[in-house]
Structure formats: structure tokens, C-alpha cells
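Chemist: The structure is given below, and queries will be raised subsequently.
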Amino acid sequence: MRAGSSAQPTHEEAVAAARRTNWAGNDGIWVVLPNDGVVTWGSTTFGSKFGLYAFGTGRMTATARRFGGLTPPGFEASIGTPDQGYGPPGFIASGLTFPSNGCWEVTYRIAERSVTFVVDVQRK
């Protein structure tokens, strides 16, 4: 192993870590969300990364709308296909570029499957 890397967790360690993680999902898409629902990472030019598992084929898309005000133009989603991630069923590190702070409803889609969640974007 290279310096700084760690050994693969045991099954029990992986299960315990998954129980501490705030997952949202359904039969086709699972996303890791911040435990408190607040997004403090990313910027208006560099996407806020979300870990995402997609089960299906085709391109993953994302849409978002801002609550409590107009949705400014410029929402961007940097998402590929499960094949472009780590292989199907695929982990994809998706980058969502929110044009402003505020409460956002996000929907990921792949084929006929979707998942929707709300986050509070509070970047400095």
C-alpha cells in the first residue's frame, strides 16, 4: 500500500459506516446527503459534489429549483452514465453547480427512475 492509504474496511465496518450516512433513494438511484441537510462545499463555479449510485442505463440528469424565490438561471449538473463512473451498477461523483445560496429541490433522473431531495445551500 502507498503511504496515506488505508486497508479495505471489514464488512462490519462498512455496514456501520453506511448506517451513519444520510442516504436518500429508491430502487434505481441512491445519493449521499449531508446529515444536517446543509451544503457548505462547492461554489458558483465549481460544483458541490454528491456521491451517487445509479442502477440503470443511459445518462444521469439533474434538475433543481430554488424555494422561496426565483430560480436564477445557471444551474448546472456534471453527471455522466454509470459506465462512465465506476461501472454498472455505478458510483458516480456528481457535481451540482448552484448559482446562489438558498433552499434547493434537486431531482436526479436515469431512464424512468428518479429521486428528489431538498438541501440548504450555504456557501461562503
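Chemist: Assuming Ser100 fulfils every condition listed in (1) of a type in the set (S, T, N, Q); (2) over 17 Å from Pro34 (Cα atoms); (3) surrounded by fewer than 13 Cβ atoms within 10 Å (Cβ to Cβ); (4) modelled with pLDDT of 85 or more apart from one, which condition is it?
Modeler: It fails just one condition, (3).
Chemist: Could you tell me which of the residues Pro99, Pro72 is more than 19 Å from Ile29 (Cα to Cα) and without any contact (Cβ under 8 Å) to a residue 40 or more places away in the chain?
Modeler: On the way: Pro99 fails: without any contact (Cβ under 8 Å) to a residue 40 or more places away in the chain.
Testing whether each residue is more than 19 Å from Ile29 (Cα to Cα) and without any contact (Cβ under 8 Å) to a residue 40 or more places away in the chain leaves just Pro72.
Chemist: Okay, moving on. Taking segment 55-80, which residues are surrounded by fewer than 18 Cβ atoms within 10 Å (Cβ to Cβ), out of contact with any Leu (no Cβ under 9 Å at 6 or more places or on another chain) and in a strand (DSSP E or B)?
Modeler: The first filter runs over segment 55-80 and keeps only residues surrounded by fewer than 18 Cβ atoms within 10 Å (Cβ to Cβ), leaving 55, 57-59, 61, 63, 65, 67-74, 76-78, 80.
Subsequent filtering for residues that are out of contact with any Leu (no Cβ under 9 Å at 6 or more places or on another chain) retains 55, 57-59, 61, 63, 65, 67-74, 80.
Within segment 55-80, Thr61, Thr63, Arg65 meet the criteria.
The values are calculated or read from the model by the stated rules, or taken from the named source; none is laboratory data. Computed from a predicted structure; not experimentally measured. So basically every Cβ, Gly included, is an ideal-geometry build from the backbone, and we count neighbours across all protein chains shown.
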